[in-house]
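Heads up, the thing below is written out as structure tokens.
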Amino acid sequence: MRPKHGLLPSVLLLLLLVPGTLPAQELPRVLIQRGERFLAMGNLDGAIANYSRVIACCEGTPDAAEAHNDLGVAFARKGDPERAVREYEAALAINGYPLALFNLGKIWREKFEATGDPAARDKAAAAFQAFEKYLRAGKDLPPVVAFQQDEIEAYLREARSALSR
């Protein structure tokens with residue numbers, strides 16, 4: 001005897017795999033995960049498209065904060081640090097998304113190292129300090145942070161040293 005809804009799981013899986021078949025507001029996590037895969041593959045335009053869909057449907061939510069942060073990463077990799085800063089700041093404005101602090105610190109550190117601008121150094125140091133406070137608290141660390149915590153802490157130590165020179 002066949003299960004009554006045996007075809008339903010297959011149809012739902014197919015809908016998840018075909019871009020544009022379900023409204024973005026129903027799948028922000030899927031869009032974020034898809035954006036992360038595109039980012040990992042170096043397909044920055046694909047990542048930007050997926051993160052932008054999350055923001056369009058869900059602005060003001062924790063999903064949108066994560067999408068703004070990841071969108072900032074994509075723009076930083078595309079060589080547009082000004083746009084990256086705007087996205088990180090948007091993530092922070094929604095819910096103080098902590099990874100945006102780390103990424104913002106990296107952008108400001110790069111600017112300081114390229115220009116010697118003391119204001120960039122101060123902004124980098126402040127962002128890293130706030131992120132370190134979050135990291136020390138150890139609460140609700142996302143997998144990306146928990147899995148790389150040793151490397152992140154080493155980067156922060158090195159950055160603190162570089163910014164103090």
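Just so you know, all these numbers are worked out from the coordinates, no wet-lab data involved. Everything numeric here is computed off the predicted structure, so don't read it as measured data. Note: ideal-geometry Cβ built from the backbone for every residue, glycine included; neighbour counts use all protein chains shown.
Sorted ascending by nearby beta carbons within 10 Å, beginning with the fewest, Leu71, Leu156 become Leu156, Leu71.
Computed over the stretch 70-165, the quotient of the alpha carbon radius of gyration and 2.2 N^0.38 Å is 1.02. Here each label is just a point 7 Å from Cα along the line to Cβ, and for Leu141 and Glu59 those points are 3.4 nm apart.
Each of Ile107, Ala162, Ala137 was scored by the projection of its Cα onto the charge dipole of the stretch 14-165, and the greatest displacement toward the positive side belongs to Ala162; charges sit on the C-beta of Lys, Arg, Asp and Glu.
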